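Colleague: The structure under discussion is supplied below as structure tokens; questions concerning it will follow.
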Protein chains: 2
Amino acid sequence: MRPGRTTPFALLGMLRLGPQSGYALRRELSAAAGLFWSESYGQIYPGLRELTRRGWAKRRVERGAGGGPRGRVRHRYEMTPKGARALQAWLALPPRRSAPRDELLLKLYLGDRDTVDAPSGWVRRLLLEETDRLRQVRRMMEILPRGTHAHRSLRHWLMALEFVERQSEASVAWCQRTLSTLELMQEANARRRTALQRRSPME
Amino acid sequence: MRPGRTTPFALLGMLRLGPQSGYALRRELSAAAGLFWSESYGQIYPGLRELTRRGWAKRRVERGAGGGPRGRVRHRYEMTPKGARALQAWLALPPRRSAPRDELLLKLYLGDRDTVDAPSGWVRRLLLEETDRLRQVRRMMEILPRGTHAHRSLRHWLMALEFVERQSEASVAWCQRTLSTLELMQEANARRRTALQRRSPME
DNA sequence: CGACTGATCTATCTGTCAGATATATACTCC
DNA sequence: GGAGTATATATCTGACAGATAGATCAGTCG
């Protein structure tokens with residue numbers, strides 16, 4: 001299947017919660033699904049244009065609060081019945097997996113003994129990031145059931161978050177184990193270098 | 001940071017094992033690192049062109065086995081010392097994380113009670129894929145130490161594979177748990193529909 | 001030998017996307 | 001009233017995925 005074309009549907013999906021501006025759409029999507037889905041800024045407005053072009057959303061132009069002729073122009077998008085059907089059809093389609101592309105792992109694989117010191121810093125950073133991510137997702141999972149969030153199915157949302165939780169847990173565990181391995185390798189490397197230096201001293 | 005520009009370095013990294021054709025480069029990369037890194041076909045030749053343009057690789061044109069003037073032209077690329085330095089510099093740079101983009105999770109989040117039946121099929125498919133992936137990575141981790149693979153650092157390679165292993169384990173566990181939850185929801189849904197039908201029968 | 005088949009190999013094209021950037025208005029706190 | 005921040009619309013560049021094209025080579029079967 002051809003690449004993507006998911007952005008318009010993600011936007012459409014967010015419109016189910018009610019009419020929104022492009023900016024708000026992105027903000028809401030990021031707040032609700034940012035842990036497993038991210039939209040690029042550059043795709044929002046082309047995406048919204050496509051929605052109106054296909055008749056899946058209606059664009060309402062409003063004047064800013066000032067009310068005067070120089071008030072800011074705001075665009076509010078609203079899903080049409082046709083758009084609702086298109087969304088349902090897309091939701092029924094099997095999701096596409098993205099190709100694996102992890103630059104950290106690639107660099108680990110391509111590296112060698114001489115590059116052994118840098119990775120531990122990256123792994124430490126990843127450990128911090130994943131720990132934070134884990135905290136975030138657990139907080140969301142706890143808060144969500146109590147909140148009055150407008151959503152369609154809390155249980156599906158929690159499933160998605162649980163996936164993130166498990167992935168992050170696995171990442172954290174890997175980071176910890178890998179860090180200790182890397183430290184052992186660094187020590188061995190340091191000993192090796194010292195030994196070489198003794199055999200052929202610089203001075 | 002700007003998008004990628006990792007393809008040329010991935011190719012350069014593979015050239016450390018010796019001169020290769022573009023086709024072989026991609027094959028080797030996929031065999032060794034395909035579980036955590038994938039290269040697009042469309043990037044190979046532009047990438048190789050960039051390597052020669054920058055003086056990081058030399059391109060040797062060879063004739064096919066036929067030897068005649070009509071034999072197939074083969075291009076073999078070889079890393080230059082300048083290329084080796086460029087690779088080292090790139091390897092020392094911190095890796096960039098890709099933005100999360102999981103279409104399955106997005107669809108789960110955007111779906112509702114009426115769309116509840118489709119996801120279980122997707123999750124079942126994911127379970128099969130991840131189980132297979134897990135088998136693959138474990139097999140590689142077992143075979144690698146015995147093999148005579150040309151590589152720079154077996155331990156780094158194994159680290160990368162261990163990451164994949166942990167991620168896949170987490171995915172499998174999530175699939176199993178999610179499948180049972182979805183089945184419960186489907187049953188509840190079926191009961192709800194039957195109840196509705198009883199209250200307002202079609203006939 | 002010649003036709004067929006599948007693997008090897010080089011290469012291009014299209015559309016999607018990430019990330020940066022530009023620009024301007026509205027609100028808020030001091 | 002000024003500074004700083006949030007809201008908002010929008011464009012541009014280059015990287016990238018996936019599909020496709022087209023050619024050559026090796027093996028097989030009749």
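The values are calculated or read from the model by the stated rules, or taken from the named source; none is laboratory data. Keep in mind that this is a model prediction, so the values were computed, not measured. Here Cβ is always computed from backbone atoms with ideal geometry, including for glycine, and neighbour counts include all displayed protein chains. Heads up: the accessible areas ignore ligands, DNA and RNA and are worked out on the full protein's heavy atoms, side chains in. Shrake-Rupley method; radii C 1.70, N 1.55, O 1.52, S 1.80 Å.
Colleague: Taking B:Leu35 as the residue in question, decide whether it is away from DNA strand D (no atom under 11 Å from the Cβ), within 14 Å of another protein chain (Cβ to nearest Cβ) and assigned to a helix (DSSP H, G or I).
Modeller: no
Colleague: Moving to a separate point now. Please tell me if A:His149 is at the interface with chain B (Cβ under 9 Å from one of its Cβ atoms) and modelled with pLDDT under 95.
Modeller: Answer is no for this residue.
Colleague: Hey, can you tell me all the residues within the stretch B:53-68 that are at pLDDT 55 or above and of a type in the set (A, V, I, L, M)?
Modeller: Within the stretch B:53-68, B:Ala57, B:Val61 meet the criteria.
Colleague: Also, quick follow-up: Between a first residue in the stretch A:24-51 that is hydroxyl-bearing (Ser, Thr, Tyr) and a second residue that is within 13 Å of DNA strand C (Cβ to nearest atom) and open to solvent by 50 Å² or more (accessible area, probe 1.4 Å), which pairs have beta carbons less than 6 Å apart while being 6 or more apart in sequence or on different chains?
Modeller: Within 6 Å, the pairs are A:Ser38/B:Ala99.
Colleague: Across the stretch A:1-33, what is the total count of residues that are surrounded by 14 or more Cβ atoms within 10 Å (Cβ to Cβ) and either over 22 Å from A:Leu93 (Cα atoms) or away from DNA strand C (no atom under 14 Å from the Cβ) (or both)?
Modeller: 14
Colleague: Return yes when A:Val164 is surrounded by 13 or more Cβ atoms within 10 Å (Cβ to Cβ), touching a residue at least 60 places away in the same chain (Cβ under 8 Å) and within 11 Å of chain B (Cβ to nearest Cβ) and no when it is not.
Modeller: yes
Colleague: Here is a check on your reading of the model: is B:Glu142 open to solvent by less than 70 Å² (accessible area, probe 1.4 Å) and assigned to a helix (DSSP H, G or I)?
Modeller: Here the answer is no, as B:Glu142 does not meet what is asked.
Colleague: Which numbered condition in (1) modelled with pLDDT of 95 or more; (2) over 25 Å from B:Trp174 (Cα atoms); (3) open to solvent by less than 30 Å² (accessible area, probe 1.4 Å) is the only one that A:Glu130 fails?
Modeller: (2)
Colleague: All but one of (1) open to solvent by 50 Å² or more (accessible area, probe 1.4 Å); (2) at pLDDT 95 or above hold for B:Glu203; which doesn't?
Modeller: (2)
Colleague: If you go through the stretch B:81-125, how many residues are more than 7 Å from chain A (Cβ to nearest Cβ), in contact (Cβ under 8 Å) with a residue 24 or more places away in the chain and open to solvent by 60 Å² or more (accessible area, probe 1.4 Å)?
Modeller: The number of residues fulfilling the criteria is 3.
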